[in-house]
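Here is the structure we will look at, set down as structure tokens.
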Amino acid sequence: MAEVLKISEMMLKIKSELREVLGKEKVIEAAYICRLPYLRCILRETLRLHPPLPFLVPCQIAEETEVNGYIIPKNYQVLVNAWAIGRDPVSWENPQSFQSERFLDSEVL
């Protein structure tokens with residue numbers, strides 16, 4: 001919410017979407033989520049910029065694999081840095097800014 005509060009245009013868009021879909025109802029139910037695309041974009045952007053866990057749950061490699069020129073042996077445990085991935089300038093344009101619109105055309109989630 002803090003990120004949305006900082007950007008007044010975003011707040012107006014999400015309020016408008018919520019009013020349009022919910023009408024006079026005040027409770028969002030799971031059935032409404034598919035009809036709230038802008039809210040889903042905000043959720044995606046929030047999770048990109050502020051992941052609940054900076055490192056994902058450790059996983060064990062099932063078979064030897066190569067990632068970016070590094071060989072990872074079978075049975076090694078790896079940690080994925082979700083925080084760094086969400087701020088990677090190679091993967092994201094303006095990675096430090098909160099821009100929910102970057103997910104408008106996304107099919108994920």
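The values are calculated or read from the model by the stated rules, or taken from the named source; none is laboratory data. All figures in this text were calculated on a predicted structure; none of them were measured in a lab. Here Cβ is always computed from backbone atoms with ideal geometry, including for glycine, and neighbour counts include all displayed protein chains.
Identify all residues within region 90-101 that are surrounded by 14 or more Cβ atoms within 10 Å (Cβ to Cβ) and in a loop (DSSP other than H, G, I, E, B); write none if there are none. Before the answer, list the steps.
Our first condition is that a residue be surrounded by 14 or more Cβ atoms within 10 Å (Cβ to Cβ); within region 90-101, this holds for 92, 95, 98-100.
Correct list: W92, P95, F98, Q99.
Every residue in region 35-89 that is among the polar types (S, T, N, Q), in a helix (DSSP H, G or I) and surrounded by fewer than 14 Cβ atoms within 10 Å (Cβ to Cβ), please.
Initial filter on region 35-89 (among the polar types (S, T, N, Q)): 46, 60, 65, 68, 75, 77, 81.
Narrowing the set further to residues that are in a helix (DSSP H, G or I) leaves 46.
Result: no residue meets the conditions.
Determine whether V27 is free of Cβ contacts under 8 Å to residues at least 60 places away in the same chain, surrounded by 13 or more Cβ atoms within 10 Å (Cβ to Cβ), over 21 Å from the mean Cα position of the chain (by Cα) and assigned by TED's automatic domain parsing to the domain that holds I7. Break it down into steps so the answer makes sense when it comes.
Working: free of Cβ contacts under 8 Å to residues at least 60 places away in the same chain: yes; surrounded by 13 or more Cβ atoms within 10 Å (Cβ to Cβ): no; over 21 Å from the mean Cα position of the chain (by Cα): yes; assigned by TED's automatic domain parsing to the domain that holds I7: yes.
So V27 fails the test.
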